[in-house]
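Step one of this worksheet: look at the structure below.
The values are calculated or read from the model by the stated rules, or taken from the named source; none is laboratory data. Here the structure is a predicted model, which means the values were calculated and not measured. Reconstructed Cβ throughout: ideal geometry from the backbone, glycine too, with neighbour counts over all protein chains shown. In case anyone asks, the SASA skips ligands and DNA or RNA and just uses the protein heavy atoms, side chains included. Shrake-Rupley method; radii C 1.70, N 1.55, O 1.52, S 1.80 Å.
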Amino acid sequence: MKRVLAHSRLKLAIVPVVLSALPAAANSFAFISPISIASSRFSSGSVARIPAASTVSFLQNQHQHRGRSSRISGLRAVMSTESDNGVIPGRPTWQQTMLRIADPTKSIPFYEMLGMTLIDKINFPQYDFCLYFMTTLSDGEAYTLTPGTQEAHDYLWSMEGVALELTHNFGTEKRLPNPEFKGYHTGNQEKDGFGHIAVSCDDVYAACDKLEKAGVTLKKKPDEGRMKGLAFAYDPDGYWVEIVRRGESGKISNEFNFSQTMLRVKDPKKSVAFYKKLGMKLMTERHFDDFSLYFMASNNVVGEAPVDPTSDDATETARNLFGPVLELTHNHGTEHDKDFQHFVGNEPGRQGFGHIGFLVDDVYQSCDAIRELGYGFKKEPDGGSMKGLAFAYDPDGYWIEIIKRGGIDFGDEKVPSP
């Protein structure tokens, strides 16, 4: 029972809350989605039909390299104020969180309501799927590029922020052509690793009132549960979107900003060390009786990490960030159970969340350093039909996409430039 309750922990950015019950998350399967035809955004049943040759080529090149951890000399990241000793070469920056969606005509307007802008789409009609990328732009920043054009691709693969990648496998928006598809698995069941994404705002109560009037269903209203002042909304697929209050009102002028991706981890010592190698900094941590929370941010959008990540000042700094943090939730005791493993969102029947991704200057050089960490690869840079792109495993087996800064030719159907 303790393990089940531990997996229902939710938080106000930094502070935890226990909800009375877990949701009945939808189940489904998921297939290969783009950026990597050789990668693996897996979709529901037979909806996304990747050519057999590509699939076989991808599967045949899943190498499991094991090696001793090595300390790679750090590079000075752009916009960073200190030398990041131990960071892999290639200036890694967190660039995406991927979720599979059933209907982009519902999901895109929902996330636009939460202040995000559609900055690009990568369309693969030959393989029956399309990727949509959304992010929070600075208040007043005009986005004039047309999603799907080469100019939008160039923007996407050089951005310093983090995008929400929505993967649509054609046909999931229709029930009759694919009666076996019953929706994506949105997490938060026993042993699920993915928990939620979050947006921050100045006034959670006003934000939730606006969302409810627009027809959005709330999992938790601000005054429900033990923790007041934070909420959870359902997106069109049933993913949980936490609505949290910023640390300082008025510091960010946007109504909403994309602020979190939450993953549960088995051993925080291994996970925090791994993401530090990928250029992230531990901004704050909080410890409770049976679980702990670790919040990490990409070093291209923050300066020095707090000297004491357990301090109140560290908490406030994290809550006032414009860009999102990666929230690692650890339920105490899992690190001592050799058989315990989280579901990572890509298993048959549990597909929903897919991966997070990092931009690097040189995929091959970065992967050489990642290989030394000893967790292996789902796809090596030269594996499968898509060369120059990789998927590494983190300590929990989550898929970490490694993409060349500036992008590569993905073979998508581009929109003509205006």
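Anything in the range 393-409 that is crowded, with 21+ Cβ neighbours inside 10 Å and either touching a Lys or Arg at 6+ places or on another chain (Cβ under 7 Å) or assigned to a loop (DSSP other than H, G, I, E, B) (or both)? List them, or say none.
Passing the criteria: Asp394, Asp396, Tyr398, Trp399.
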Checklist entry - If you go through the range 287-315 one residue at a time, how many are open to solvent by 40 Å² or more (accessible area, probe 1.4 Å) and more than 21 Å from the chain's Cα centre (by Cα)? => result 9
Item to check | Among residues of the range 195-210, those that are open to solvent by less than 10 Å² (accessible area, probe 1.4 Å) and either in contact with a Cys (Cβ under 7 Å, 6 or more places away or on another chain) or closer than 18 Å to Pro236 by Cα (or both), counted | outcome: 7
Checklist entry - Any residue in the range 256-278 that is of a type in the set (Gly, Ala, Ser), closer than 24 Å to Tyr239 by Cβ and either touching a Ser or Thr at 6+ places or on another chain (Cβ under 8 Å) or without any contact (Cβ under 8 Å) to a residue 60 or more places away in the chain (or both)? => result yes
Checklist outcome for this item: Scanning the range 290-314 for residues that are assigned to a loop (DSSP other than H, G, I, E, B) and either of a type in the set (S, T, N, Q) or modelled with pLDDT of 95 or more (or both) gives Asp290, Asn299, Asn300, Asp308, Pro309, Thr310, Ser311
Checklist entry - Which condition does Gly193 not pass, out of (1) closer than 27 Å to Lys219 by Cα; (2) out of contact with any Leu (no Cβ under 6 Å at 6 or more places or on another chain), if it passes all the others? => result (2)
Checklist outcome for this item: Among strands (runs of 3 or more DSSP E) entirely inside the range 111-214, those with 1 or more residues being out of contact with any Gly (no Cβ under 6 Å at 6 or more places or on another chain) and within 25 Å of Phe410 (Cα to Cα) are 117-124, 129-135, 163-169
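So that you can scan it fast, the table gives a plain yes or no per residue for (1) over 22 Å from the mean Cα position of the chain (by Cα); (2) open to solvent by 40 Å² or more (accessible area, probe 1.4 Å); (3) on the phi > 0 side of the Ramachandran plot:
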position: Ser249; (1), (2), (3): yes, yes, no
position: Ser271; (1), (2), (3): no, no, no
position: Lys277; (1), (2), (3): no, no, no
position: Thr317; (1), (2), (3): no, yes, no
